[in-house]
Amino acid sequence: MPDNEPRRPEGGEDPKNPQGGEPSFNWRGLILLSIAVMLIVAAFAWRGEDGRYEEIKWPEFVNAVEEGKVGDDQPLRLIRKQGSAEEYLLGEMVPAGGEGAKKGGRGFKVLVNLDFQKDELHALLKAEGAPEGSKQVPLAYTVEYNSNMLGSVLLGLLPIFLILLILYFFFRQQMRMAGRGAMSFGKSKAKMLTMDTNKVTFKDVAGVSEAKEEVWELVEFLKDPKKFQRLGGQIPKGVLMVGPPGTGKTLLAKAIAGEADVPFFSISGSDFVEMFVGVGASRVRDMFDQGRKHAPCLIFIDEIDAVGRHRGHGLGGGHDEREQTLNALLVEMDGFDTQEGVIIIAATNRPDVLDPALLRPGRFDRQVTVNLPDVKGRHAILEVHAKKVKMSEDVDLMVVARGTPGYSGAELANVINEAALLAARKGLKAITIGELEEARDKVRWGKERRSLALNEKEKENTAYHEAGHAIINELLEHTDPLHKVTIIPRGPALGVTMFLPEEDKYTHRKYELLDDLVVSMGGRVAEEIVFGDVTNGAGGDIKMATDMARKMVCQWGMSDELGMVEYGDHQEHTFLARDMTSGRSYSEDTAQKIDHEVKRLIDTAYSKAKDLLMKHRTELDLIAKALLEYETLDGKHIRELMQDGEMSDPPASPEPPAPPEEKAEAPQAQGDDRPADGLPPGDLAPAGA
């Protein structure tokens, strides 16, 4: 078999239809339905030989006989129906030409009753007492007995048979539709992937080199098991891929399917649980039965946390359908009847909620962590996605990679796609570095909302707020470099101060965190110094500073008073039942000390920010006026204004917005200066924080 043809599993099943279902169009049912319709039509048509005769009245028959219109070359036939008292004569009238019934005579049918009309009929047919000058000739008739029982039975039973036949094929088709029929709830919804089109290989996966090495070992084992079995090694029964959303877990599973020449089934964790009790466990067993028929094979379960959650933490009593499904999965993966050759690959971004029995060796023997990519990984990911678009030759993707710390693979793919769309809107022939930087800011901080109408008072307040953040960030030593400051509304904020670290950070020092607290207070302090009043624009700054200070005290041991003790069970995500039942692990007195220490850190940062801005009030006014004029300033512009009081290469002044048409103006309530969407002004978190 050529390498480019799909491999047909053992047993003769088609990989494109692994569950053996019928094709979408049922030719067999159509043929049988056509035969049934033809039988009904034949039954209606076969109503006996008398169906082609025209029924006439007795006086009309008498006149026809007396006028000689009834031919004598074909005798009349007296038909007596069995099982009925009905009797009638059948014959043919001579046409107007008068040469006999064989040349186009018209058949007739007349009802008679021999019990009362026998003598009259005999006299009429023997021409006795015929009027003078009539053309009547003696006639005779033969007696026949007609029985049309078969036609009657067909007319009565065939419609019922047709209805039953249609219902049979309807329900039969529904039952054979895997996973969708009324009788197929317990069938697995796992789909066998075919790599004929859109094949994904390890060449399409970048930025996760360690994870690729671990799963590549699995592919090599499937291709050449003897290579590992010489030393007594066994194939892993399960591989669990763990990592944040968008890091490439599902893409890695598709690459395994593309590299390994074995059947590959794919299913989501949510496909197991239905409204009926016991369906999930039945689907698990059916899935493994399919796997054993095609062994060795791979089964990929995406979002396994939907079915593998920790048992015993549900709210309320009673039997949990998810627990029954999980029990079936545990038994199938490592039970008494386990057969080798079925490998489970699962992916999740919530490993903290998975049941411990699912994570033990023997079930998921290997856990592969798929982390956010570093700068080299981001560069490799950008190169993979840049091959699909037309990029300018002078674009250095390493610059984009250094400017996107903390971006996942999905976000980087979105950056390339947004840059391509932006270049297409501008009518460019290729993507330049400008579109990539704009796409990067849009993906992380949101799209610019230049259409949002702000009055001069709010613009001035936003300018001083962002200038306060920028000045303190430049004055302090342990802060990330300033990237850009803008008062153009972007995303949910009316202004943004952006910071980008020079390199990827995996740890944060105490002095760096304390300086970040001071920078967070800069916007609120600037409003208080300049206007003597404050707004709700610092809501995001306050929340970020409070969270950071509380982590410094409770998790990171950066408080001299409370020491290196962790207070509380801090989880990245909330597990409802577990968090509701678990109590606080420290006393009320300790809780008061924690609150006091958090407030002390924030108050100290606020005082330091106020002292710095009071000393640099001139620079604050200068930067705020520059923001009002140019709307967006780079980090180098801020540094030039603080050092020299002017910019050597100022940015281009923004074009004034076109005045709205009078008909398009909407009435606004007086005294309401908030934006139309009701979002308060504020800052977004800096990159890498």
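The values are calculated or read from the model by the stated rules, or taken from the named source; none is laboratory data. Small disclaimer: the values here were computed from a predicted structure and weren't measured. Glycine also receives a Cβ, built like all others from the backbone with ideal geometry; neighbour counts cover every protein chain displayed. Just so you know, the surface numbers come from the protein's heavy atoms only, side chains and all, with ligands and any DNA or RNA stripped out. Shrake-Rupley method; radii C 1.70, N 1.55, O 1.52, S 1.80 Å.
Things to note:
- Only a single item in (1) in a helix (DSSP H, G or I); (2) surrounded by fewer than 19 Cβ atoms within 10 Å (Cβ to Cβ); (3) modelled with pLDDT of 85 or more is not met by E220, and it is number (3).
- Among (1) under 22 Å from V368 (Cβ atoms); (2) within 25 Å of the chain's Cα centre (by Cα); (3) small (G, A, S); (4) assigned to a helix (DSSP H, G or I) - the single one A211 does not satisfy: (2)
Conditions tested, residue by residue: (1) among the basic types (K, R); (2) surrounded by 19 or more Cβ atoms within 10 Å (Cβ to Cβ).
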position: A463; (1), (2): no, yes
position: V496; (1), (2): no, yes
position: Y511; (1), (2): no, no
position: R524; (1), (2): yes, yes
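- Here P373 meets the list (1) assigned to a helix (DSSP H, G or I); (2) touching a residue at least 60 places away in the same chain (Cβ under 8 Å); (3) surrounded by 14 or more Cβ atoms within 10 Å (Cβ to Cβ); (4) not β-branched (V, I, T) almost entirely, failing just condition (1).
- Looking across segment 533-564 at every residue that is open to solvent by less than 70 Å² (accessible area, probe 1.4 Å), modelled with pLDDT under 90 and out of contact with any Asp or Glu (no Cβ under 9 Å at 6 or more places or on another chain), the one that is farthest from G468 (Cα to Cα) is identified as G563.
- Note on segment 565-595: among residues that are in a loop (DSSP other than H, G, I, E, B), hydroxyl-bearing (S, T, Y) and loosely packed, with under 13 Cβ neighbours inside 10 Å, the one that is modelled with the highest pLDDT is S587.
- Selection count, segment 454-494, where residues are under 16 Å from M521 (Cβ atoms) and either at pLDDT below 85 or β-branched (V, I, T) (or both): 3
- E332 vs. criteria at pLDDT below 80 and open to solvent by less than 60 Å² (accessible area, probe 1.4 Å): no
- Selected residue (only one of A420, A380, A470 is in contact with a Ser or Thr (Cβ under 6 Å, 6 or more places away or on another chain), in contact (Cβ under 8 Å) with a residue 24 or more places away in the chain and in a helix (DSSP H, G or I)): A470
- Selected residue (only one of G362, G406, G434 is surrounded by fewer than 20 Cβ atoms within 10 Å (Cβ to Cβ) and in a helix (DSSP H, G or I)): G434
- Test: residue in segment 448-457 that is touching a helix residue (DSSP H, G or I) at 6+ places or on another chain (Cβ under 7 Å), open to solvent by 50 Å² or more (accessible area, probe 1.4 Å) and in a helix (DSSP H, G or I): no
- When residues in segment 616-625 are screened for being over 19 Å from D516 (Cα atoms) and open to solvent by 10 Å² or more (accessible area, probe 1.4 Å), 6 of them pass.
- Against the test of being closer than 27 Å to P245 by Cα and either touching a Gly at 6+ places or on another chain (Cβ under 7 Å) or open to solvent by 30 Å² or more (accessible area, probe 1.4 Å) (or both), the options D480, D441, D394 yield a single qualifying residue, D480.
- A count restricted to segment 223-256 and to residues that are surrounded by fewer than 23 Cβ atoms within 10 Å (Cβ to Cβ), under 29 Å from A357 (Cβ atoms) and among the basic types (K, R) stands at 2.
- When segment 390-403 is filtered for residues that are under 30 Å from the mean Cα position of the chain (by Cα) and either among the β-branched types (V, I, T) or part of a helix (DSSP H, G or I) (or both), only A401 remains.
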